[in-house]
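The values are calculated or read from the model by the stated rules, or taken from the named source; none is laboratory data. Since the structure is predicted, the reported quantities are computational estimates derived from the model, not experimental observations. Ideal geometry is used to build each Cβ from the backbone, glycine not excepted, and the neighbour counts take in all protein chains shown. Please note that ligands, DNA and RNA were not included when accessible areas were found on the heavy atoms of the full protein model with its side chains. Shrake-Rupley method; radii C 1.70, N 1.55, O 1.52, S 1.80 Å.
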Amino acid sequence: MSELLITAARRGGTRGTAVLGALSVPCALGRSGISSDKTEGDGCTPAGRFPIRRLLYRPDRVRDLTCGLRMQPMSPSDGWCDDPEDSAYNRLVTRPYPASHEAMWLESALYDLVLVIGHNDDPVVPGKGSAVFLHLAQPDFAPTEGCVAFARTDFVALLQAMEPTTHIVIAEAGEAA
């Protein structure tokens, strides 16, 4: 079983490095750095060890991607519930949806590829964070709201090197998860 190790470049930093085998690539982290006590809306990337759930992708923008992960095409009606009071908290929902949620089908390329990881999903704990994904980065590697983001070519290389049993390990600089 392999691990994708993601660490901050410095404690509290919003940039980091992801290492999987011989691959080592830069990444953007949450605007508040990495935290072992993630809460909804704090801007932190959660520390821990997480399984891969599935890869969501925009079929109109992503073609010919080959990887060993479970892949699911997105649709314009896909959303992700971020309302801790809702029964679908931290779950994929169909829009329109009555509770607070974020759209998954974006005009920008950020969510063209979205790796859903097992953060706060088994079981879901209201308020402990939702929609923590690995996805594509802004061109300037701006901090995320808590996700981990990569340049497209780097992310594709990582996805192609991952297996369904790969775990995502996120740790603060100088710490093991």
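Structure above, values below:
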{"read-out": "Flag for Leu115 being in a strand (DSSP E or B) and closer than 18 Å to Ile170 by Cβ", "value": "yes"}
{"read-out": "Residue tally, condition over 23 Å from Val156 (Cβ atoms), open to solvent by less than 50 Å² (accessible area, probe 1.4 Å) and not hydrophobic (A, V, I, L, M, F, W, C), over region 55-104", "value": "8"}
{"read-out": "Residue match in region 164-171 (condition: closer than 26 Å to Arg11 by Cα, part of a loop (DSSP other than H, G, I, E, B) and out of contact with any Leu (no Cβ under 8 Å at 6 or more places or on another chain))", "value": "no"}
{"read-out": "Hey, Ala28 surrounded by fewer than 18 Cβ atoms within 10 Å (Cβ to Cβ), of a type in the set (Gly, Ala, Ser), farther than 24 Å from Asp122 by Cβ and in contact with a strand residue (DSSP E or B) (Cβ under 8 Å, 6 or more places away or on another chain) or not", "value": "no"}
{"read-out": "Test: residue in region 136-156 that is open to solvent by 50 Å² or more (accessible area, probe 1.4 Å), part of a loop (DSSP other than H, G, I, E, B) and among the basic types (Lys, Arg)", "value": "no"}
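Listed here are the residues, each with its yes/no results for (1) in a loop (DSSP other than H, G, I, E, B); (2) over 30 Å from Pro98 (Cβ atoms); (3) free of Cβ contacts under 8 Å to residues at least 40 places away in the same chain.
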residue: Val25; (1), (2), (3): no, yes, no
residue: Thr39; (1), (2), (3): yes, no, no
residue: Leu56; (1), (2), (3): no, no, no
residue: Arg63; (1), (2), (3): yes, yes, yes
residue: Gly68; (1), (2), (3): yes, yes, no
